[in-house]
4 protein chains.
Amino acid sequence: MRLAYFGDVVGKPGRAAVLDHVPDLRRRLSLDFVVVNAENAAGGFGLTEAIAGDFFNAGADCLTLGDHAWDQREAMTYIEREPRLLRPLNYPQAANAPGKGAHVFVLPDGRRVGVVQLQGTVFMKQQLENAFQHADLALDSMPLGMAVDALIVDMHCEATSEKMAMGHYCDGRASLVVGSHTHVPTADLMILENGTAYQTDAGMCGDYDSVIGMKKENSITRFATQLPGERYAPALGEGTLCGVYVETDDRTGLATRIEPVRLGGRLSACVPEVD
Amino acid sequence: MRLAYFGDVVGKPGRAAVLDHVPDLRRRLSLDFVVVNAENAAGGFGLTEAIAGDFFNAGADCLTLGDHAWDQREAMTYIEREPRLLRPLNYPQAANAPGKGAHVFVLPDGRRVGVVQLQGTVFMKQQLENAFQHADLALDSMPLGMAVDALIVDMHCEATSEKMAMGHYCDGRASLVVGSHTHVPTADLMILENGTAYQTDAGMCGDYDSVIGMKKENSITRFATQLPGERYAPALGEGTLCGVYVETDDRTGLATRIEPVRLGGRLSACVPEVD
Amino acid sequence: MRLAYFGDVVGKPGRAAVLDHVPDLRRRLSLDFVVVNAENAAGGFGLTEAIAGDFFNAGADCLTLGDHAWDQREAMTYIEREPRLLRPLNYPQAANAPGKGAHVFVLPDGRRVGVVQLQGTVFMKQQLENAFQHADLALDSMPLGMAVDALIVDMHCEATSEKMAMGHYCDGRASLVVGSHTHVPTADLMILENGTAYQTDAGMCGDYDSVIGMKKENSITRFATQLPGERYAPALGEGTLCGVYVETDDRTGLATRIEPVRLGGRLSACVPEVD
Amino acid sequence: MRLAYFGDVVGKPGRAAVLDHVPDLRRRLSLDFVVVNAENAAGGFGLTEAIAGDFFNAGADCLTLGDHAWDQREAMTYIEREPRLLRPLNYPQAANAPGKGAHVFVLPDGRRVGVVQLQGTVFMKQQLENAFQHADLALDSMPLGMAVDALIVDMHCEATSEKMAMGHYCDGRASLVVGSHTHVPTADLMILENGTAYQTDAGMCGDYDSVIGMKKENSITRFATQLPGERYAPALGEGTLCGVYVETDDRTGLATRIEPVRLGGRLSACVPEVD
Ligand SMILES: [Fe+2]
Ligand SMILES: [Fe+2]
Ligand SMILES: [Fe+2]
Ligand SMILES: [Fe+2]
Ligand SMILES: [Fe+2]
Ligand SMILES: [Fe+2]
Ligand SMILES: [Fe+2]
Ligand SMILES: [Fe+2]
């Protein structure tokens, strides 16, 4: 199977990168399944139904969120109607958090793709439940190569250690473990020893002449002065589509190839060559 | 000028990566100046004089540290005798921290290279002084293209936002701003709009079949159980040399090229092609 | 019923305060049940079996721990043999953490006292599971006035907000919600609107001419310099026994009175007057 | 001299507590100087000029702030005109933060009182400069018993360790070191060995049937669910005036007495007896 995951879409330049490039890439790379992290799509903060609709139209099969899930409150009701939108799985059970954190998608040809989003706990503003324990529950409920033909885990968190640990923890049980949240792509794409493709962070879709997608002047001033400044707003230069491409073996669901995908804006372009 | 910076060396596999590859790379790439972040060189925790000596012999011109600077207490006296070893600049002045955080190196041909290490404050275990204010002091004291022919800033911290903000803050005043500490290389190498080369994190030199260079089992168990486990120890598979290569214009000190350098171990190899 | 809870015992002066005063107080106040938080009893770090034995001999019925539970590794096996020793309840289930986080004690006269320890998640070094959800489970399993005649919740955490929220959350379902961990007694003892006695932090048993029970010079130097210093060690002046006294109504298990208990050392003495 | 300090005023019930009780207490206790921490006076978030005026009219001589200093942006300009309003001293110098962090007040009888506000760095949302180094600068600039007849340090921070360390650090150089920010009064009032009066936290002026002065329902829901809820708003029950009273020796400026002051609302009342 051919999968792509695109990292946190930040504001208008990030949305434009998705809308401009994903339809074409989907064809060129014969993608079977596309995930987009949309937690910062609405002006840097959360997701609206209208924006989600645009992403689905552009070829996204699944949208994930993160710590900014509910910045736009409408997402709390929208997610209840839209099974293709996922939030972190590991909310406390008693929270009855809206929506779901895992879903099995059935492709037109009958193949099934599982997607799970987990949120880490190190340095994160919400304190969700243990992501490793929840990974177990989710992965056990959709065994790779049996219940699902491919399985993507979006590990949303700050610390590289927590992401790498999750990668190894799911190794052999997922097709891809990919991190999100830091808004910078990492260059450590690899297939782990038991066959899971891994990247610490997919990076953001947005303007890289910025501070994590937001206007750099505001951010610099806050760091330098520790005073409140203007509201954060997305930087408006050309966005880069930024994500990862993975091929899996349909017999096992494990990965056979992982490559970066970057297109447009300030980062050097990479598009996998495929037949 | 041709500069290279190699990220946090973790334990024996990281040291081997430096000792095995840097002498040869130094020749092949005609490197004028090499910086190695050595804060995790001694079993993952700090630096000893003996290890530092090995790095200097292998072709390092300057070693930097970070939040693990003093894990080996001998570094606190060694650094007083060794001007080529730098710790974060922005300790409180009253701390009289041992050693220095900035230094101007004079090359055999008379050219001068400034190096500054700063430690960020977001999510870091020490609370050093404002890194942006200290960046100003340091950069003003060694104006690029005048007092120094090249200037390297090692921004040691966790948050990608703090690193990107520092990159832009120094843009036009440094040849290179490169992050360290997260132990994962980022794929956002670029030349910022005023001519400073930038990478959010250079990555570590160490075994990438690990959790940030340390054995993965211990780390996974701690995350999954929140119980103390065995002591952290470096993973012992083949290490990857991981860093960045920068060319500067000798008239301005600004960057004309930035490329990743990765050799050995689990990451895909990249070595810049040079004449 | 007459209950007492004494906060984090720090090192030798803290232990001496418990051993010197608790036997006498137990008689003078006709205490039915005594809880001691022992997470810092062994040189400031954790608890040994020998020290626990001393506390039980001096009149403690139950010992609780906290984030320092396993600083002395022997506690991990000792706790399996000793049901009177409790650690935070809310470890991830999959952790199979040693020991228990809640227990019902049967008094010689047949009355039953439930004790629960929870650890908060704000600013804490471990990331345990949601304490509120676990509070529900625990309180539901031992309904006050039915399964137990009194119920004590030790809320071990840093943030005053998290403790106050837990107090109100348990209000009417516990006899006492008392905080630990900050090592400073608070002066907000009150009976909440539904009958639960509450104090944000019981304070420590230890030398108050210190920094949270530890030698002040080391601590000041670390704060002022951000450099590592000498190992932390308990301050060795006379310790203060520091805790809280609660009377409950045996028909409901709710509190009718809450008073501070402080004896010895640097804090002004308070001992409740009882008939 | 007779000094009083009242902790973080939260919303309307906190303001009412100040306005209702301070004028009378000022007379009854013959107070020479009154400080009020006003960082949460405006609906829990910051301070307006109008509210500040009310506090000055009610008998406050000096207002201090904290991490919420600029929640109401008008405070950034108001503080420039009002030398009796102080913000944390230890902003980075380059920040040119509005207002001042230390001031010497001259009483009608010519005696001088210095006030300094510092903000700690542990667990705080801004990362200000080293508070200990800034304490030195401030205390050296107004030597007690020489430049000033009394000196009050407001240490605004979360961690009890950081506050206690600051108390000892200033011991003998200040009349009073008192903490703020946690909104719960501590019961550790003492005179340190070199004559400085000390309390870890003065507590808040506000409704204690709350979570740190704010409505408890919202807060509990957020802790229990980790979902965003309604906006935080002050609890509206009767507020408690909460603070500390200190007597100093006019020859040395050191403390001779320290007592709690609590009046109204849910906490047990304490008013010092004076001649
Ligand atoms: Fe995020
Ligand atoms: Fe994001
Ligand atoms: Fe580091
Ligand atoms: Fe490191
Ligand atoms: Fe603790
Ligand atoms: Fe403790
Ligand atoms: Fe505050
Ligand atoms: Fe406050």
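The values are calculated or read from the model by the stated rules, or taken from the named source; none is laboratory data. Owing to the predicted nature of the structure, the values given are computational and were not obtained by experimental measurement. Using ideal geometry, Cβ is built from the backbone for each residue, glycine included, and neighbour counts are taken over all protein chains shown.
Consider the stretch D:44-102 and keep the residues that are among the acidic types (Asp, Glu) and under 16 Å from the mean Cα position of the chain (by Cα). The one that is farthest from D:Arg27 (Cα to Cα) is D:Asp67. Look at the stretch D:48-68: where a residue is of a type in the set (Phe, Trp, Tyr) and a partner is in a loop (DSSP other than H, G, I, E, B), sitting 6+ places away or on another chain with Cβ atoms under 9 Å, you get D:Phe55/D:Ala38; D:Phe55/D:Ala41; D:Phe55/D:Leu47; D:Phe56/D:Glu82; D:Phe56/D:Arg84. Before we move on, is D:Leu47 farther than 20 Å from D:Gln127 by Cβ and either more than 16 Å from ligand 2 (Cβ to nearest atom) or away from chain A (no Cβ under 14 Å) (or both)? Answer is yes for this residue.
Residues of the stretch C:66-94 being buried (at least 16 other Cβ atoms within 10 Å of the Cβ) and either at pLDDT below 95 or on the phi > 0 side of the Ramachandran plot (or both), which ones? Break it down into steps so the answer makes sense when it comes.
The initial filter retains those residues of the stretch C:66-94 that are buried (at least 16 other Cβ atoms within 10 Å of the Cβ), namely C:66-72, C:75-76, C:78-79, C:82, C:84-92.
The one that is buried (at least 16 other Cβ atoms within 10 Å of the Cβ) and either at pLDDT below 95 or on the phi > 0 side of the Ramachandran plot (or both): C:Gly66.
Could you say which residue among D:Val9, D:Val22 is modelled with pLDDT of 95 or more, aliphatic (A, V, I, L, M), under 15 Å from the mean Cα position of the chain (by Cα) and over 30 Å from D:Phe123 (Cβ atoms)? Write out each step before concluding.
Values: D:Val9 fails: over 30 Å from D:Phe123 (Cβ atoms).
One residue alone meets the criteria, D:Val22.
Filter the stretch A:191-220 down to residues that are more than 9 Å from every other protein chain (Cβ to nearest Cβ) and surrounded by fewer than 24 Cβ atoms within 10 Å (Cβ to Cβ) and give me whichever is nearest to B:Glu193 (Cα to Cα).
This residue is A:Lys215.
For residues that are touching a Leu at 6+ places or on another chain (Cβ under 6 Å) and aliphatic (A, V, I, L, M), scanning just the stretch B:57-77, find the one that is nearest to ligand 7 (Cβ to nearest atom). Looking at residues that are touching a Leu at 6+ places or on another chain (Cβ under 6 Å) and aliphatic (A, V, I, L, M), I get B:Ala75. If the condition is being assigned to a loop (DSSP other than H, G, I, E, B) and either surrounded by fewer than 20 Cβ atoms within 10 Å (Cβ to Cβ) or away from chain A (no Cβ under 12 Å) (or both), then the stretch B:249-266 contributes B:Asp249, B:Asp250, B:Arg251, B:Thr252, B:Gly253, B:Leu254, B:Gly264, B:Arg266. For the subset of the stretch C:230-248 comprising residues that are in contact with a helix residue (DSSP H, G or I) (Cβ under 7 Å, 6 or more places away or on another chain) and aliphatic (A, V, I, L, M), which member is surrounded by the fewest Cβ atoms within 10 Å (Cβ to Cβ)? Looking at the filtered set, the residue picked out is C:Leu236. With respect to A:Arg15, is the statement that it is surrounded by fewer than 22 Cβ atoms within 10 Å (Cβ to Cβ) and over 22 Å from D:Glu230 (Cβ atoms) true? Answer is no for this residue. Report yes if some residue within the stretch C:183-190 is away from every other protein chain (no Cβ under 12 Å), closer than 22 Å to D:Glu158 by Cα and touching a residue at least 24 places away in the same chain (Cβ under 8 Å); otherwise report no. The answer is no; no qualifying residue exists. Does the stretch C:231-248 include one or more residues that are under 17 Å from the mean Cα position of the chain (by Cα) and either within 14 Å of chain B (Cβ to nearest Cβ) or in a loop (DSSP other than H, G, I, E, B) (or both)? Among the residues of the stretch C:231-248, at least one is under 17 Å from the mean Cα position of the chain (by Cα) and either within 14 Å of chain B (Cβ to nearest Cβ) or in a loop (DSSP other than H, G, I, E, B) (or both), which makes the answer yes. For the stretch A:159-171, the count of residues that are in a loop (DSSP other than H, G, I, E, B), out of contact with any strand residue (DSSP E or B) (no Cβ under 7 Å at 6 or more places or on another chain) and within 16 Å of ligand 4 (Cβ to nearest atom) is at least one.
Which of the residues that make up the stretch B:1-44 are on the phi > 0 side of the Ramachandran plot and either basic (Lys, Arg) or in a helix (DSSP H, G or I) (or both)? Of everything in the stretch B:1-44, just one residue is on the phi > 0 side of the Ramachandran plot and either basic (Lys, Arg) or in a helix (DSSP H, G or I) (or both), namely B:Gly11. For the stretch B:52-65, a tally of residues being buried (at least 17 other Cβ atoms within 10 Å of the Cβ) and closer than 16 Å to B:Glu80 by Cα returns 5.
Scanning the stretch D:95-139 for residues that are touching a Lys or Arg at 6+ places or on another chain (Cβ under 7 Å) and on the phi > 0 side of the Ramachandran plot yields one hit, D:Gly99. Here D:Ala38 meets the list (1) more than 15 Å from ligand 8 (Cβ to nearest atom); (2) more than 14 Å from every other protein chain (Cβ to nearest Cβ); (3) touching a strand residue (DSSP E or B) at 6+ places or on another chain (Cβ under 6 Å) almost entirely, failing just condition (1). Note on the stretch B:179-190: residues that are surrounded by fewer than 22 Cβ atoms within 10 Å (Cβ to Cβ) and either closer than 16 Å to B:Thr64 by Cβ or within 16 Å of ligand 7 (Cβ to nearest atom) (or both) amount to 0.
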